[in-house]
Amino acid sequence: MSREKREALDRLVAAIRQSQTANDRMDEAFADLLGINRTDGRCLDIVQRLGQITAGELARQSGLTTGAVTAVIDRLEMAGYLRRIRDAADRRKVFVELTELAEAITDAVYRRIDEISDAGMGALAIEQLELIARFLHTGARLNAVLADFLRDYVDPQARDPVERLRAAKNFAARVGRERGAIMAEMAAAWNEPPPDIPSGRR
């Protein structure tokens, strides 16, 4: 790899990390506005993005256990942001969706942000927008895989920093061993179209 390309990749990674930090701050501020914790906020965002969803699918999308997701839904329902709905065809199946209150708050906060974003990105060609979407989709898939790997080495009881360093090194070694599989996962993500935008686009 040439020095120029290496430097360009380094700038790209730095920009991604800067964007992730800014997104994290925005997510934290929005959760504070709603009076909920970050995990609940993440789950609320998933429901807003995907629309009506089962608890099992919410667990899969969020990376939480089904028990943890049940507790999240309970808290968000009590706060007035989610409601449970039974499937008309199968009463045993339960979905969750945003309440009108949650939709109104989300719309109030994000509509203007979307307008500004649309105006700023409107100068890009369709092909450029599709390339950015594909890149972000691939990055999301990579982060999901790595998060699952890293979670295998998380010990909530660990208190010694040396133990945490050992866990981090074990994670790094695993990533090295499974580099080929990770690259294949990224290639698969790159070659598939990014997900369609649900009707609940904020």
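The values are calculated or read from the model by the stated rules, or taken from the named source; none is laboratory data. All figures in this text were calculated on a predicted structure; none of them were measured in a lab. Here Cβ is always computed from backbone atoms with ideal geometry, including for glycine, and neighbour counts include all displayed protein chains.
Checking Gly176, Gly139 one by one, the residue that is assigned to a helix (DSSP H, G or I), out of contact with any strand residue (DSSP E or B) (no Cβ under 7 Å at 6 or more places or on another chain), surrounded by fewer than 10 Cβ atoms within 10 Å (Cβ to Cβ) and at pLDDT 85 or above is Gly176 and no other. Here Lys93 passes the criteria (1) surrounded by 12 or more Cβ atoms within 10 Å (Cβ to Cβ); (2) at pLDDT 95 or above except the one numbered (2). Determine, yes or no, whether Arg86 is charged (D, E, K, R) and within 18 Å of Arg42 (Cβ to Cβ). Taking the combined requirement at face value, the residue does not satisfy it. For the range 122-132, indicate whether the set of residues that are closer than 29 Å to Asp40 by Cα and modelled with pLDDT of 85 or more is non-empty. Checked the range 122-132: at least one residue is closer than 29 Å to Asp40 by Cα and modelled with pLDDT of 85 or more.
Within the range 150-161, the set of residues being in a helix (DSSP H, G or I) and surrounded by 14 or more Cβ atoms within 10 Å (Cβ to Cβ) comprises just one member, Leu150. Residues in the range 94-140 that are within 30 Å of Leu76 (Cα to Cα) and among the aromatic types (Phe, Trp, Tyr): Phe95, Tyr110.
For (1) within 26 Å of Val145 (Cβ to Cβ); (2) under 19 Å from the mean Cα position of the chain (by Cα), each residue gets a yes or a no:
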| site | (1), (2) |
| --- | --- |
| Ala59 | yes, yes |
| Gly63 | yes, yes |
| Asp74 | no, no |
| Glu77 | no, no |
| Arg86 | no, no |
| Ala89 | no, no |
| Arg92 | no, no |
| Glu97 | no, yes |
| Glu127 | no, no |
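Of the set (1) within 30 Å of Ala15 (Cβ to Cβ); (2) touching a helix residue (DSSP H, G or I) at 6+ places or on another chain (Cβ under 8 Å); (3) in the same structural domain as Leu33 (by TED's automatic domain parsing); (4) not hydrophobic (A, V, I, L, M, F, W, C), all apply to Tyr153 but (3).
For the range 107-121, the criterion of being over 21 Å from Arg49 (Cα atoms), exposed (fewer than 14 other Cβ atoms within 10 Å of the Cβ), at pLDDT below 90 and among the charged types (D, E, K, R) is met by none of the residues. Screening the range 179-202 for residues that are surrounded by 11 or more Cβ atoms within 10 Å (Cβ to Cβ) and either outside any helix (DSSP H, G or I) or on the phi > 0 side of the Ramachandran plot (or both) and picking the one that is modelled with the highest pLDDT gives Glu192.
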